[in-house]
Amino acid sequence: MGIQENFGRIQKEIKILRPDDPPEIISVSKKQPLSAIEEAQRAGIKLFGENEIKEGVKKFSELRNKNIPFELHHIGPVQSGTVKKLFEFFSCTHGVCTMSGLSELLKQSEKRKSKFGYFLEANLTDENSKSGFKKKELLSILKNSVSLNSEYCKLMGLMTMGPSDGNPDITRNVFRELRIIKEEFLPKGKLSMGMSGDYKIATEEGSNFLRIGTAIFGERQ
């Protein structure tokens, strides 16, 4: 199936699971050619996600030059040394995983007077291969949430990923745990959970944003 068919199928699936409040799909175009992104745009997709800032800027600058509308979210780990480049094309990042990265993000948004949103990334599987705040650290940060916002840069919610082995029971427990944390500390915040292999579980557990790549675009080039 093509991009339009894949996207339409996923939309139907999540609407069946949550008919009154289906999550929004971020179409992850990492490592996909510009032609695939243009095909997605013609299929009605407007919200895209890129892990690498440099790659995202390169591809989406071409779309901007063609006056093709889009919204672009950054979904990789935020590194303080590359924060400045986020403001060129991205409206939001889902990967704030260090306090130094957050500090630089707040600083640059104030400096540029540029509205920006972000998610704190949680590592609730305790895997060393994953970035993100461990639970104890995340809770400590959220208890001091006043310092997490500025006039221009706002905490939108929390993000996490399931275990690397894809175990569905552990995945559900992780997503549920983050939802409970969100409900206690950020009742008006959003959840960014679920990728190609576990978006149905994420939808059932209350995610607001699904980050889906291969299930829409096919295998990466």
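Residue count for segment 15-57, restricted to those that are under 27 Å from Thr203 (Cα atoms), assigned to a helix (DSSP H, G or I) and of a type in the set (Gly, Ala, Ser): 3.
Among the residues of segment 149-180, those identified as touching a strand residue (DSSP E or B) at 6+ places or on another chain (Cβ under 7 Å) and either small (Gly, Ala, Ser) or closer than 30 Å to Ser114 by Cα (or both) are Asn149, Tyr152, Cys153, Lys154, Leu155, Met156, Gly157, Leu158, Met159, Thr160, Leu178, Arg179.
Is it the case that Glu183 is part of a helix (DSSP H, G or I), in the same structural domain as Lys111 (by TED's automatic domain parsing), in contact with a strand residue (DSSP E or B) (Cβ under 9 Å, 6 or more places away or on another chain) and among the acidic types (Asp, Glu)? So Glu183 does not fit the description; no. Taken over segment 108-126, the residue count meeting the criterion of being more than 19 Å from the chain's Cα centre (by Cα) and more than 22 Å from Gly81 (Cα to Cα) is 1. Among the residues examined, Met159 does not qualify as buried (at least 16 other Cβ atoms within 10 Å of the Cβ) and in a loop (DSSP other than H, G, I, E, B).
Pairs linking a residue in segment 15-44 that is within 15 Å of Gly213 (Cβ to Cβ) to a residue that is basic (Lys, Arg) and surrounded by 14 or more Cβ atoms within 10 Å (Cβ to Cβ), with Cβ atoms under 7 Å and 6 or more positions apart or on different chains, are Ile26/Arg211; Val28/Arg211; Ile37/Lys59.
Residues that are out of contact with any helix residue (DSSP H, G or I) (no Cβ under 7 Å at 6 or more places or on another chain) and over 18 Å from Ser196 (Cβ atoms) within segment 17-51 comprise Pro19, Asp20, Asp21, Pro33, Ser35, Glu38, Gln41, Arg42, Gly44, Lys46, listed in sequence order. Which of the following residues is at pLDDT 95 or above, in a helix (DSSP H, G or I), on the phi < 0 side of the Ramachandran plot and among the aromatic types (Phe, Trp, Tyr): Phe87, Phe7, Phe60? None of the others qualify; the one that does is Phe7.
The values are calculated or read from the model by the stated rules, or taken from the named source; none is laboratory data. The model shown is predicted, which means the values in this text are computed figures rather than measured ones. So basically every Cβ, Gly included, is an ideal-geometry build from the backbone, and we count neighbours across all protein chains shown.
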